[in-house]
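The values are calculated or read from the model by the stated rules, or taken from the named source; none is laboratory data. Here the structure is a predicted model, which is why all the values come from computation and not from measurement. In this analysis, Cβ positions are derived from the backbone assuming ideal geometry, glycine residues included, and neighbour counts consider all displayed protein chains.
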Amino acid sequence: MKKYRVKNSAFTLAEVLITLGIIAVVAALTLPAVLADKRAKELETGFKKQLAVIQNVLIRMEMEKGEPYTRDPSTGTRTFKKDFVKYFEIVKDFNFDDCLKINNKHVYRDLTNKYNSFTMYFDDGQFITSDGAMFMLNDAANEPLLISFDVNGPYKKPNRYGADLFTFQIMDDGKLLPMGAEGTWFTEENYCNPKKGDMRNGLTCAYRAISEPDYFKKLPR
């Protein structure tokens, strides 16, 4: 009876190196897109979460007051914060101090990341909650009542208006609208334009973040 010897086959070192090289190239091409999709999903989830938080707080305020929260815009004197904050678990309250700089550098940039963001609408009360989000209020006389939030707080990027920072307006009837919606303080498209640098660029992106299903996927890198 003949005996057959089975010949063992194996990859050569050169073949292994070529295979690893191909894998590395594929990974280099696909990883940025995967990471970008992951970031977009995280920002979108954070946006929806904090918007739901605000809406829930305003409902609770309305239930306790017996009517929607409204105020006379001609007499805004930073009184909204004391009613608003009691519904949050706060880990850091900046009160009315300027907390928009870290190591003497501006925290927030516009949508294009070219300019320091306009911060005059954030200075009537600022605080960080237990889930890391930061809330900033505008409660000045002769200006609308604005609530802005950074979905992941000032210590985590991208820290860009229209990416993780968004502004909403409480209307005269107590209704909460995303800045950029019809009837809000600013509706110009130039304030949510990824190709035009401006200190206020990103201010009206809250409306687009709600109305456009793929908004976060289209954010500038």
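Among the residues making up region 70-101, a single one is among the hydroxyl-bearing types (Ser, Thr, Tyr) and free of Cβ contacts under 8 Å to residues at least 40 places away in the same chain: Tyr87. Looking across Phe11, Phe122, one residue alone is at pLDDT below 90 and among the aromatic types (Phe, Trp, Tyr). It is Phe11.
Being more than 22 Å from Val107 (Cα to Cα), in contact with a helix residue (DSSP H, G or I) (Cβ under 9 Å, 6 or more places away or on another chain), part of a loop (DSSP other than H, G, I, E, B) and modelled with pLDDT of 95 or more is a property that does not hold for Gly202. The lone criterion from (1) aromatic (Phe, Trp, Tyr); (2) surrounded by fewer than 22 Cβ atoms within 10 Å (Cβ to Cβ); (3) farther than 23 Å from Lys38 by Cα left unmet by Phe135 is number (2). Scan region 92-107 and give yes if some residue there is crowded, with 18+ Cβ neighbours inside 10 Å, in contact with a Lys or Arg (Cβ under 6 Å, 6 or more places away or on another chain) and farther than 16 Å from Arg78 by Cβ, otherwise no. No - not one qualifying residue is present in region 92-107. Within region 138-177, the set of residues being buried (at least 17 other Cβ atoms within 10 Å of the Cβ), among the small types (Gly, Ala, Ser) and over 21 Å from Asn190 (Cα atoms) comprises Ala140, Gly153.
Can Thr184 be described as over 20 Å from Gly153 (Cα atoms), of a type in the set (Ser, Thr, Tyr) and not in a helix (DSSP H, G or I)? Considered against the rule, which asks whether it is over 20 Å from Gly153 (Cα atoms), of a type in the set (Ser, Thr, Tyr) and not in a helix (DSSP H, G or I), Thr184 comes out as yes. Entry remark, region 189-202: residues being without any contact (Cβ under 8 Å) to a residue 40 or more places away in the chain and closer than 18 Å to Asn138 by Cβ number 1 in total. Residues of region 34-91 being surrounded by 12 or more Cβ atoms within 10 Å (Cβ to Cβ) and not in a helix (DSSP H, G or I), which ones? Within region 34-91, Pro68, Tyr69, Thr70, Arg71, Gly76, Arg78, Thr79, Phe88, Ile90, Val91 meet the criteria.
Among the residues of region 205-221, those identified as part of a loop (DSSP other than H, G, I, E, B) and either crowded, with 17+ Cβ neighbours inside 10 Å or free of Cβ contacts under 8 Å to residues at least 12 places away in the same chain (or both) are Glu212, Pro213, Asp214, Tyr215, Leu219.
Screening Gly174 on (1) under 13 Å from the mean Cα position of the chain (by Cα); (2) in contact (Cβ under 8 Å) with a residue 60 or more places away in the chain shows it passes everything except condition (1).
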